[in-house]
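The values are calculated or read from the model by the stated rules, or taken from the named source; none is laboratory data. Please read these numbers as outputs of a predicted model, since none were measured by experiment. Positions of Cβ are generated from backbone atoms using ideal geometry, with glycine treated the same way; all protein chains shown enter the neighbour counts. Just so you know, the surface numbers come from the protein's heavy atoms only, side chains and all, with ligands and any DNA or RNA stripped out. Shrake-Rupley method; radii C 1.70, N 1.55, O 1.52, S 1.80 Å.
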Amino acid sequence: MATQRPSFPVRLTPTASAATRGRMPAVPAKPLVHSTPSMASDAVRARMVQRLAAQGISDPRVLRAMGAVERHRFVDSALVNQAYEDTSLPIGLGQTISKPNVVARMIELLMGAPALSGKPQDKLGRVLEIGTGCGYQAAVLNHVATEVYSIERLRGLHERARANLRHFRLATVHLMLGDGMVGYAKGAPYAGIIAAAGGEAVPEAWIAQLAVGGRIVAPTQSASGGQALVVIDKTSRGLERLILEAVHFVPLKSGIA
């Protein structure tokens, strides 16, 4: 019998430890940024995509996805003029929306999963995103994956992402309030898992929920004490790990706040 998938949006039941954890003040869900002629123009996003290509992003699926999503809808109105610059921007509660280059780079790595080897036109299957943030990366993932499950532990950001994504009416994107460190077993197995926060190591729960032929892309603590981007492939022979460039993400935390 097929497993019933949650509809958009979903709230995960917090664990007892999470329920007793002190809550941070919620960030009010702000109205969507009204499109201005300059920000709504396809030419603005086209220039961003050209810049990404010049920086080394080459997967046409990723470039199309980056060009399709209106990033200015995910930032505060005071920052809208910076929406298509290659910079991270604050979104509240000490979190940021990642630079376009970082988003594109990580999604391009995700698209290199073994299951897609030799299939340059195909979409990735079901993806789990750890750290919804403002919802921008989930919207981009929607263009390259058949289904997206996205978990956010901060209640204020979860609500903000819901408000931001409502405009797009994405039937295959499911937003959940929960502890990303434990993943989301009901949606497993995943063809890809992508994280926007880094811990000392990739949680075992993520590896268990990854399908054979799937790939994890996540920041983890490096030997020097900083963070490095790590790619983990699950193959029939076991796990294959590759440590890539230094990155800087917020710490991976458990519980709901």
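Among the numbered criteria (1) surrounded by fewer than 21 Cβ atoms within 10 Å (Cβ to Cβ); (2) touching a strand residue (DSSP E or B) at 6+ places or on another chain (Cβ under 8 Å), which single criterion is violated by residue 145?
Of the numbered conditions (1) surrounded by fewer than 21 Cβ atoms within 10 Å (Cβ to Cβ); (2) touching a strand residue (DSSP E or B) at 6+ places or on another chain (Cβ under 8 Å), the odd one out for residue 145 is (1).
Mind listing whichever residues of the range 158-185 are of a type in the set (D, E, K, R), in contact with a strand residue (DSSP E or B) (Cβ under 9 Å, 6 or more places away or on another chain) and in a helix (DSSP H, G or I)?
Selection gives 159, 160, 162.
Taking only the range 202-237 into account, find how many residues are closer than 17 Å to residue 192 by Cα, open to solvent by 30 Å² or more (accessible area, probe 1.4 Å) and in a strand (DSSP E or B).
Summing the residues that are closer than 17 Å to residue 192 by Cα, open to solvent by 30 Å² or more (accessible area, probe 1.4 Å) and in a strand (DSSP E or B) in the range 202-237 gives 3.
From the list 171, 161, exactly one residue is open to solvent by 10 Å² or more (accessible area, probe 1.4 Å) and over 25 Å from residue 51 (Cβ atoms). Which is it?
Every option except 171 fails the conditions.
Looking at 169, 155, which one is over 24 Å from residue 87 (Cα atoms), over 13 Å from the mean Cα position of the chain (by Cα) and free of Cβ contacts under 8 Å to residues at least 24 places away in the same chain?
169
Here is a yes/no grid of residues against (1) in a strand (DSSP E or B); (2) within 15 Å of residue 52 (Cβ to Cβ); (3) open to solvent by 10 Å² or more (accessible area, probe 1.4 Å):
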residue	(1), (2), (3)
104	no, yes, no
107	no, yes, no
112	no, no, yes
119	no, no, yes
122	no, no, yes
127	yes, no, no
134	no, no, no
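Return the pairs, sorted by first residue and then second, in which the second residue is open to solvent by less than 10 Å² (accessible area, probe 1.4 Å) and aromatic (Phe, Trp, Tyr), the first residue lies in the range 130-150 and is touching a residue at least 40 places away in the same chain (Cβ under 8 Å), the beta carbons are less than 6 Å apart, and the residues are 6+ apart or on different chains.
134/74; 136/74
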